[in-house]
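In what follows, a structure is listed as structure tokens, so that the remarks can point back to it.
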Amino acid sequence: MNLRKITCRALVVSMFALSVQGASAGMIPAERAMPAQAQADRTLVLDVLARSETSAQLQSMGIDPQLARERVAAMNDQEVSQLAQDIRTAPAGGNGWGVAAVIIIAAAVWYFVFRK
């Protein structure tokens with residue numbers, strides 16, 4: 001019986017002692033909350049600028065690719081994030097309406113040339 005009381009008291013004391021933990025809550029800045037995303041966006045934009053096709057296109061428009069990289073480095077995280085989002089959502093090979101137009105025109109020509 002005495003062992004039961006001692007065990008019970010030890011359990012109650014350990015529950016109180018182990019359950020008390022210090023917790024703190026507060027606001028953190030956005031830079032600390034998502035620094036990896038900002039760096040990933042900047043890396044994406046710089047990787048696109050490093051491609052040979054992009055460099056060739058920039059040079060054909062009279063823009064130095066190194067100057068473009070320097071401008072990206074000078075952009076703030078919000079601007080880079082918006083640019084990265086535009087890159088992610090851009091169509092990869094056009095919008096497909098050109099192919100549909102070619103098929104429709106070819107079908108119309110075929111119809112008018114070969115109809116009897």
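The values are calculated or read from the model by the stated rules, or taken from the named source; none is laboratory data. On a predicted model such as this, the values are computed, not experimentally measured, just so you know. All Cβ positions, even for glycine, are placed from backbone atoms using ideal geometry, and neighbour counts span all protein chains on display.
A compact table of results
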| item | result |
| --- | --- |
| Single condition E53 does not satisfy, out of (1) surrounded by 11 or more Cβ atoms within 10 Å (Cβ to Cβ); (2) more than 22 Å from A38 (Cα to Cα); (3) among the acidic types (D, E) | (1) |
| Count - residues of segment 67-84 that are outside any helix (DSSP H, G or I) and modelled with pLDDT of 85 or more | 1 |
| Residue in segment 32-39 that is more than 22 Å from I87 (Cβ to Cβ) and either within 16 Å of the chain's Cα centre (by Cα) or at pLDDT below 80 (or both) present | yes |
| Residue ID - nearest to I87 (Cα to Cα), chosen from residues in segment 50-66 that are among the aliphatic types (A, V, I, L, M) and assigned to a helix (DSSP H, G or I) | A50 |
